[in-house]
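S.K.: For reference, the structure I am asking about is given below.
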Amino acid sequence: MELIKKLCDAYGPAGREDIVREIIRSEIQPYCQKIEVDRLGNLIAYVPAKGTENIKNCSKIMFCAHMDEIGLIVTHIDNSGFLRFTSIGGILPQRILYQRIFFENQTMGIIGVERKPDKPEPPRIDNLFIDIGAKNKEEAQKVVRIGDIATFNQYAMIINNRLAAKALDDRIGCYCLVESMKRIKKNKDDLYFVFSTQEEVGLRGARTGAYAISPEYAIAVDVTRTGDTPESPKMDVSVGKGVAIKVKDERFISNPSVKDKLISYAQKTNIPYQLEILEKGTTDATVIQIVREGVLSGVLSIPTRYIHSANEVCDLQDIENTIQLLTYVSEEGLKRR
């Protein structure tokens, strides 16, 4: 839990991933030959092919998980010291009401909502505010400025073999990449582990990372929604029933050969898996697959409840299943040999 807690609790909204990047860098340094940070802030780790006599015919495989989380950016400070804001990434107002938040300088606040007793209505971003305890505008401006970005102030914890935390989307994907790097014994291909930036605001880091690497194959690792809570949308993915292998989402269709290879590997190693079709939402794989002349791409997803809230929930065994499958893919490759 120590690394998971560090990653999930860390401040790291889109465009401000520095703290998360340094946590990951310190963990993976002994397990790769080279680490670099590109101009957009992606952390790219290279693990060359080893333990095989056929290195000349090896492929490039890119694994990708995004470091950023959703956030709130200050747009106005009123005379009473309350902060107005807009969203960075997909914010649902009903999921953030009365939650604690914190800024990069550790200033804390609570999200409140305007109340009109004669006209009750669902919360909207434009009638929410942040209360940092300031008495007036001048006091608020001493600690917060226009353009400052906040994220949820929540701490990772275990609930009956389930993990609850902010930013599981997608720090838990980052964790899976880190742990799989540690377990690789010999790999037939050149591996590139990309911890990408600004996924929540347009899949930006993955695009530049994939362009620089120009891989033949790619696997994105992210969370996915579930259909296992009361009155949830009908979706055949549940927490605790295994890693989800994506078939399709709103903007991405998995390459059939990659999808089938992932399924065959899961079956061969007796790793529980589910097939995922996500009607709304997507992952970094959407942009990776169309870089340069195209990349054969797939996605492994960790089933997660309450996505884009302060308390996302996934299962510890699903995390382990994802790491095991990633490790096997890393060692065996995706090429039809």
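S.K.: How many percent of Cα pairs in region 237-309 exceed 20 Å?
M.R.: 31
S.K.: How much net charge surrounds N311 when only other residues with a Cβ under 10 Å from its Cβ are counted (Lys, Arg +1; Asp, Glu -1)?
M.R.: Residues near N311 contribute +2 overall.
S.K.: Of V221, V20, V144, how do they rank once you tally other Cβ atoms within 10 Å and put the fewest first?
M.R.: Going from least to most buried by this count: V144, V20, V221.
S.K.: Let me ask you something else. Give me the Debye-computed log₁₀ of I(q)/I(0) at q = 0.16 Å⁻¹ for region 164-318, equal point scatterers on Cα only, no solvent, two decimals.
M.R.: Results for region 164-318 at q = 0.16 Å⁻¹ read -0.91.
S.K.: Tell me the mean residue ellipticity at 222 nm calculated for the chain from its helices only (DSSP H runs of n ≥ 4, each -39500 (n - 2.57), averaged over every residue, nearest 500).
M.R.: After summing the helix terms and dividing by the residues of the chain, the value is -7500 deg cm²/dmol.
S.K.: Viscosity 1.306 mPa s, temperature 10 °C: Stokes-Einstein D of the chain from its Kirkwood Cα radius, in µm² per second?
M.R.: 77
S.K.: Among G112, G209, G133, whose mean-square fluctuation peaks in a Gaussian network model of the chain (Cα, cutoff 10 Å)?
M.R.: G133
S.K.: Turning to a different aspect of this structure: Calculate the length of the line joining the C-alpha centroid of region 157-196 to that of region 275-335, in whole Å.
M.R.: Each part's Cα centre sits 10 Å from the other's.
S.K.: What is region 86-211's relative contact order, in percent, from Cα pairs under 8 angstrom and six or more apart in sequence?
M.R.: Worked out over region 86-211, it gives 21 percent.
S.K.: Given 25 °C and 0.890 mPa s, compute D for region 71-152 with the Stokes-Einstein relation, Rh being the Kirkwood radius over Cα pairs; round to the nearest whole µm²/s.
M.R.: Translational D for this selection: 193 µm²/s.
S.K.: Next question, about the same structure. Which of the peptides 183-191, 93-101, 28-36 is most tightly packed, and how do the rest follow, going by the mean number of other Cβ atoms within 10 Å of each residue?
M.R.: Descending mean neighbour count gives 183-191, 93-101, 28-36.
Laboratory data are not the source of any read-out in this text; all were calculated from the coordinates shown. This structure is a prediction, so every number in the text was calculated from the model and none was measured. Note: ideal-geometry Cβ built from the backbone for every residue, glycine included; neighbour counts use all protein chains shown.
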